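Q: Just dropping this structure here.
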Amino acid sequence: MAVQTSAPPGGPTGAVAEAAAGARGISMGRVWGEVRRFPVIPTFILIFLLIIPAIFADLLSPHHSTIGDLDRALEPPGWVSDSQKSQIVVQRVRDKNPNEVSLNNARRNLDSGVATLVDANGNGEVDLGETVVRIQEGGSWEYPFGTDKQGRDVLSRMMHGARISLAVSCLAILLGGILGTGLGMLAAYRGGFLDAFLMRIVDIKLAFPSILLALTLVVAIGSGFSTVIIVIALLLWARYARVIRGEALAIRERDFIDRARVAGASNLRIMMRHIFPNVFNTVIVLATLEVGHVIILEATLSFLGAGIPRPNPAWGLMAADGREVITSSYWIFMFPCLAIVLTVLSMNLLGDWLRDRLDPKLRNV
Amino acid sequence: MQRFIVLRILQGLLAVFVISLIVFALSRVAGDPLAAILDDEAGKEQIERLRQSWGLDKPLHVQYFTYMRRLLTGDLGVSFRWDRPVLELIAERLPATVQLSSFALVITGIIAFPIGVLSAVRKDSWFDAGGKMFAILGQSAPTFAVGLILMWLFAVQLGWLPTSGRGGFKHMLLPGFALGYYNVAAIMRLTRSSMLDVLDTEYVKLARIKGIPEWKIVWKHCFRNALIGPLTYFSLIFAVLITGSVVIETVFAWPGLGLMVIEAINSKDHIVVQAVVMLFALLYVGINIATDITYAYVDPRIRYG
Amino acid sequence: MTAVQTATDTILEVNNLKTYIFTRAATVKAVDGISFDLKKGETLGIVGESGCGKTMTALSLLRLVPRPAGRIVEGEIVLNGEDILQKSEDEMRDVRGRQISMILQDPQTSLNPVFTIGNQLREALGIAHKENKSSMLGRAVDALRKVNVAAPERRLDDYPHQMSGGMKQRVVGAIAMSCEPGIIIADEPTTALDVTIQLQYLRLLKEIQAETGLAIIFITHDFGVVARMCDRVAVMYAGRIIEQGDVRDIFSRPAHPYTQALINSVPKLEERVDRLYSIEGQPPLLSNLPEGCRFAPRCPYVSDRCLETYPTSIQIAEEHHADCWALHPDWEGSPIAEYVAPTGTTG
């Protein structure tokens, strides 16, 4: 009884039909849309904040990352000039020691950018009774991001910290990815008890707060570089296993798997030659989506003292060091924290873009 | 409904069992528990006597049952570091953690739901864009960085709030917000997207056709439906709270369980770490069951399904 | 039509209504200058293909065009002598439900899944009658009984997912009619239902109409349903009403080539058909409408004039108008002039 017209029943309305028409073929608009969506700024941030420093840390960093100059401890960043604050310190000094001559001298020295309060003759530190007062107001460009409590250059440490973040995330994701992908493919391919068993473990693993598990593991096997990587890999594998299993289940049903089996290929060969190439895109997308997560995990573990051991310059450790002197020296925690946030933000944006390009069905993972 | 609850509880017990196995296994992987407390000079006999009295000479499965029986009777062992029964330590620290986490949860609820709903109602407005920025940032900032930056800004620079420690309401604000931020961001987005779905449904159209005032449509017809999405993530929210409380208590020197765990880890006090992990696991599983039951209450399709 | 008639039995008059949807890419002219009226107790069918603007017309009448993209840009909707486009949002709520109500396409999704149907029904009743709970309960039961729901007392505590599709649609009907509106818009209310239940539902609507004397605007793409349900019919194509008139008149003398094609495409039981009739081509995009007649690109009788300007309306019979150049008397040798009996052109 329905009207037969050439428009399909429930067919596209004007706007939808137009969108569908636009999707046909490759129009300039579509190419431009793709280009425009490419996350340019995040990519630049990643390159300059993470990748270049990580690779060229030894060449680029102006100072040693773990050995500091105690005389230059807690110097502020280069752009901080001695302003009001130094005058306040001078005022405090005056309250304690009303020696006008040396104070004027000190002020003059402060004005000319010398950071230490010197005596009337211009040498050494002024002894004000019991306390030796050293005024570190202005920073110098020798240490662009300032120095920490042990006089280590924050910038140099951040560059080496980038190397640690990158290395830990790459290795942990590689390890977790191999483990998860392997188990996922195996579960899908074998099915039965093995599948059910693995998936139950995945459920429990995915449900449990990861840091707690990590902390227990760290306590059990002791902290260190390899521990951090293993712990994070153990936290990661479950998601790979579940997603890859789902994909592999679908692929297993396809004809070419049967054909390979008929041709006498071994199980391992079928998995590696036929299933793996088909889930590879997903593995890559999952990996990029995980990088930000892994950087946060590593930084958090290090911050809690259960990750990278001191005196390595991990970002999380630097933030923990900075917390102790947060009232006086913000630069020690601030720059590493901002570096983490910017890196993870950029990585997430890039990962989203890549997912939409390569594997849109992962959107809900 | 009863069958549903029983099933959930059984599943929860299974999870607790598996976790207890893992924790037990890890405690044995960690090496001889005696090595940590005895120094090299301890005589062989003395070690042997302690080993027997702790049951360490028995087979592993017997050890596990002994361990579990002790846990169930409330004997969690004695901390090396504090030299006090772990149960006592936990009883002392738990209220601080519960207080902070509940406050963070309340903050999450108060901020996330209204902003999520309003972002959906005013989709594509400046308000919505701001919410999106806030959420993206929340998913990219580690909890400790949020805590440190908040502390520096509001306690150090502006001097409005205390930097650390437990005290009055003012002490709770910074750690509470820092602990809640990630969840606020996540729930806000979830509420927004499920609210958008709901606003687009036919029953909302029908409600409008009925002539119901818009505020009532949003808060009666949509909100409860939109809640179902974020509610399924409640266990995730709780996981974030547990993880976050460990971090935030460390940042703000908040004397709760999280801080205690970190202190215990730093002094290799395994017994405390295990006990707290088991406790968190139990809590987590319990909350999961409670979530499922609430979920069934909100969505009748599940209750009668 | 004289002014006196309008005052007495016309309850709704729509004049030159335009509802556009503004997207970033283009302006979609979903409803582009339509006019019609509705009398008490009559059923007006609005027929057209998917996406021709039928549903947007319905939503416009309730001023529920999806915001912020959609907007009523021009026209008047005169309900009982008042232009509702001039009303405030608060005043509109008094119109919705109480004066104009609507039954939606899909009963499966029209009811809120988390509230019992009793709750949803009482909510609708509560808007019209502010009274105590027990008498509301009675009213709710009455409302369900009116739409032939068996054992209505027990049904009140059910959730929507516990009911069948046909039952849900009857509940939706009960909700729509709970405030005794003068007009009900039924937007393809039976497309989601089984054929047998469709007929039951249509019969129910007719019964209620006979009892209460309400006017129905029946939106459908199905000319068969139109024949069964409607007194008058308006055919929509690409945002415009291209022909409207008495239902029997239109069936016996469809004037517009599009209407003719639509009616020809309804398979008739008594005739053996070798192949189903279909209209070549696609309807134009509402965001990119042709200059002249919107049907011209698909019309078998197209001429230059059709492509240049939109045809003016021509009267074919009393209450029967169509927009087509081929019907105009100055079209020499019009291919369809004879198809239309010349009564209208002389009058």
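The values are calculated or read from the model by the stated rules, or taken from the named source; none is laboratory data. Quick caveat: nothing in here was measured; it's all calculated off a predicted structure. In this analysis, Cβ positions are derived from the backbone assuming ideal geometry, glycine residues included, and neighbour counts consider all displayed protein chains. Accessible surface is based on the protein model in full, side chains and every heavy atom, while ligands, DNA and RNA are left aside. Shrake-Rupley method; radii C 1.70, N 1.55, O 1.52, S 1.80 Å.
Q: Name the residue that is surrounded by the most Cβ atoms within 10 Å (Cβ to Cβ), counting only residues in segment A:317-332 that are assigned to a helix (DSSP H, G or I) and within 9 Å of chain B (Cβ to nearest Cβ).
A: A:A319
Q: Still on this structure, I have one more. For segment B:203-218, how many residues meet the condition of being open to solvent by less than 40 Å² (accessible area, probe 1.4 Å) and within 21 Å of B:P230 (Cα to Cα)?
A: Selection size over segment B:203-218: 4.
Q: Quickly run through segment A:209-255 and pick out the residues that are touching a Phe, Trp or Tyr at 6+ places or on another chain (Cβ under 7 Å) and either within 14 Å of another protein chain (Cβ to nearest Cβ) or crowded, with 20+ Cβ neighbours inside 10 Å (or both).
A: Once the filter is applied, which keeps residues that are touching a Phe, Trp or Tyr at 6+ places or on another chain (Cβ under 7 Å) and either within 14 Å of another protein chain (Cβ to nearest Cβ) or crowded, with 20+ Cβ neighbours inside 10 Å (or both), segment A:209-255 yields A:P209, A:L212, A:A248.
Q: Right, next: Among the residues of segment C:1-26, how many are at pLDDT 85 or above and open to solvent by 40 Å² or more (accessible area, probe 1.4 Å)?
A: Residues that pass the stated criteria total 5.
Q: May I pose another question? For the list (1) open to solvent by 20 Å² or more (accessible area, probe 1.4 Å); (2) farther than 19 Å from A:I296 by Cβ, I need the number of the one condition that A:L174 fails.
A: Condition not satisfied by A:L174: (2).
Q: Filter segment B:80-103 down to residues that are modelled with pLDDT of 80 or more and not in a helix (DSSP H, G or I) and give me whichever is surrounded by the fewest Cβ atoms within 10 Å (Cβ to Cβ).
A: That would be B:D83.
Q: Name the residues in segment C:29-66 that are part of a loop (DSSP other than H, G, I, E, B) and either buried (at least 22 other Cβ atoms within 10 Å of the Cβ) or of a type in the set (D, E, K, R) (or both), would you?
A: Selection gives C:K40, C:E42, C:G48, C:E49, C:G51, C:C52, C:G53, C:L62, C:R63.
Q: Looking at B:L190, is it aliphatic (A, V, I, L, M) and under 30 Å from C:Q105 (Cα atoms)?
A: Here the answer is yes, as B:L190 does meet what is asked.
Q: Might you let me know whether segment B:228-247 holds any residue that is modelled with pLDDT under 80, more than 10 Å from chain A (Cβ to nearest Cβ) and open to solvent by less than 10 Å² (accessible area, probe 1.4 Å)?
A: yes
Q: Let me spell it out: the conditions are (1) in a loop (DSSP other than H, G, I, E, B); (2) more than 15 Å from the chain's Cα centre (by Cα); (3) within 30 Å of C:Y20 (Cβ to Cβ), and C:A176 meets all of them except one. Which number is the exception?
A: (1)
Q: Separate question: Of all residues being in contact (Cβ under 8 Å) with a residue 40 or more places away in the chain and within 14 Å of another protein chain (Cβ to nearest Cβ) in segment A:169-208, which is farthest from B:S20 (Cα to Cα)? Just the residue, please.
A: Of everything passing the filter in segment A:169-208, A:S169 is farthest from B:S20 (Cα to Cα).
Q: When you go through (1) open to solvent by 60 Å² or more (accessible area, probe 1.4 Å); (2) part of a helix (DSSP H, G or I); (3) of a type in the set (A, V, I, L, M, F, W, C) one by one for B:A145, which number turns out not to apply?
A: Condition (1) is where B:A145 drops out.
Q: Pick from segment C:107-116 the residues that are open to solvent by 10 Å² or more (accessible area, probe 1.4 Å) and more than 7 Å from chain B (Cβ to nearest Cβ): which of them is farthest from C:Q209 (Cα to Cα)?
A: The qualifying residue farthest from C:Q209 (Cα to Cα) is C:F115.
Q: Further question on the same structure: Would you confirm whether or not segment A:306-316 contains a residue that is open to solvent by less than 30 Å² (accessible area, probe 1.4 Å) and in contact with a Lys or Arg (Cβ under 6 Å, 6 or more places away or on another chain)?
A: Yes, there is a match, as at least one residue in segment A:306-316 is open to solvent by less than 30 Å² (accessible area, probe 1.4 Å) and in contact with a Lys or Arg (Cβ under 6 Å, 6 or more places away or on another chain).
Q: Please work out which residue is nearest to A:S210 (Cα to Cα), limiting yourself to segment A:240-256 and to residues that are at pLDDT 85 or above and basic (K, R).
A: A:R242
Q: So, in segment A:62-85, exactly how many residues are at pLDDT below 80 and either open to solvent by 90 Å² or more (accessible area, probe 1.4 Å) or over 21 Å from A:Y330 (Cα atoms) (or both)?
A: So the answer is 5.
Q: Out of segment C:149-202, which residues are within 29 Å of C:R63 (Cβ to Cβ), of a type in the set (A, V, I, L, M, F, W, C) and away from chain B (no Cβ under 12 Å)?
A: C:L193, C:L202
Q: Looking only at residues that are in contact with a helix residue (DSSP H, G or I) (Cβ under 9 Å, 6 or more places away or on another chain) and open to solvent by 30 Å² or more (accessible area, probe 1.4 Å) in segment B:251-268, which one is farthest from the other protein chains (Cβ to nearest Cβ)?
A: My answer is B:P255.
Q: For segment B:105-112, indicate whether the set of residues that are hydroxyl-bearing (S, T, Y) and open to solvent by 70 Å² or more (accessible area, probe 1.4 Å) is non-empty.
A: no
Q: Yes or no: B:I115 within 18 Å of the chain's Cα centre (by Cα) and touching a residue at least 40 places away in the same chain (Cβ under 8 Å)?
A: Answer is no for this residue.
Q: Among the residues of segment A:231-264 satisfying the criterion of being of a type in the set (K, R) and part of a helix (DSSP H, G or I), which is farthest from A:G180 (Cα to Cα)?
A: Only one residue tops the list, namely A:R259.
Q: In this structure, is C:R122 part of a helix (DSSP H, G or I), among the basic types (K, R), over 30 Å from C:V226 (Cα atoms) and within 14 Å of chain B (Cβ to nearest Cβ)?
A: Here the answer is yes, as C:R122 does meet what is asked.
Q: How about segment B:162-207: which of its residues are within 14 Å of chain C (Cβ to nearest Cβ), assigned to a helix (DSSP H, G or I) and of a type in the set (S, T, Y)?
A: Listed by number, the residues that qualify are B:S194, B:Y203.
Q: Given the criteria within 26 Å of C:H221 (Cα to Cα), open to solvent by less than 40 Å² (accessible area, probe 1.4 Å) and touching an Asp or Glu at 6+ places or on another chain (Cβ under 7 Å), does C:L104 qualify?
A: Spelling it out, C:L104 is indeed within 26 Å of C:H221 (Cα to Cα), open to solvent by less than 40 Å² (accessible area, probe 1.4 Å) and touching an Asp or Glu at 6+ places or on another chain (Cβ under 7 Å).
Q: Same structure again: Is it true that some residue in segment A:298-305 is farther than 24 Å from A:Y240 by Cα, surrounded by fewer than 23 Cβ atoms within 10 Å (Cβ to Cβ) and either touching a His at 6+ places or on another chain (Cβ under 6 Å) or at pLDDT below 85 (or both)?
A: Yes.
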